[in-house]
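Peer 1: For reference, the structure I am asking about is given below.
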Amino acid sequence: MKRIFPLLVLLALAMLLIWGVELSSPVPRVITRYYIDYGREETGVINLVSAIYLGYRAFDTFGETLVLLLAVSGVAMLFKKT
């Protein structure tokens, strides 16, 4: 019984997370259509995925990369032998 309760709580949290993602997941079609129509000519990139990733989301991507670098550096410092 002691092992079932944490699993039920974890399952309930997972279902709540999935439900929340489903409510907020649809991307407005206007933005999607704009990226498809104007992405290549505004960024000058041939590949549309690269245009979105590097042209429109560059600052966001840089921030995510910086957070990942800091996390890896922190873990490396924790496991560093003194």
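Peer 1: Among the residues that make up the stretch 49-60, is at least one of them without any contact (Cβ under 8 Å) to a residue 24 or more places away in the chain, among the basic types (Lys, Arg) and surrounded by 11 or more Cβ atoms within 10 Å (Cβ to Cβ)?
Peer 2: Kept after step one, since they are without any contact (Cβ under 8 Å) to a residue 24 or more places away in the chain, are these residues of the stretch 49-60: 49-60.
From what is left, the residues that are among the basic types (Lys, Arg) are 57.
Among the residues that remain, those that are also surrounded by 11 or more Cβ atoms within 10 Å (Cβ to Cβ) are: 57.
Yes: the stretch 49-60 contains one or more residues that are without any contact (Cβ under 8 Å) to a residue 24 or more places away in the chain, among the basic types (Lys, Arg) and surrounded by 11 or more Cβ atoms within 10 Å (Cβ to Cβ).
Peer 1: Can you pull out every residue in the stretch 31-48 that is exposed (fewer than 15 other Cβ atoms within 10 Å of the Cβ) and among the basic types (Lys, Arg)? First the steps, then the outcome.
Peer 2: Of all residues in the stretch 31-48, those exposed (fewer than 15 other Cβ atoms within 10 Å of the Cβ) come to 31-34, 36-38, 41-42, 44, 46-48.
Correct list: Arg33 only.
No value in this document is a laboratory result; all are computed from the given coordinates. As the structure is a computational prediction, the values presented were derived from the model and not from experiment. Methodologically, a virtual Cβ is constructed for each residue, glycine included, from the backbone with ideal geometry; neighbour enumeration extends over all protein chains shown.
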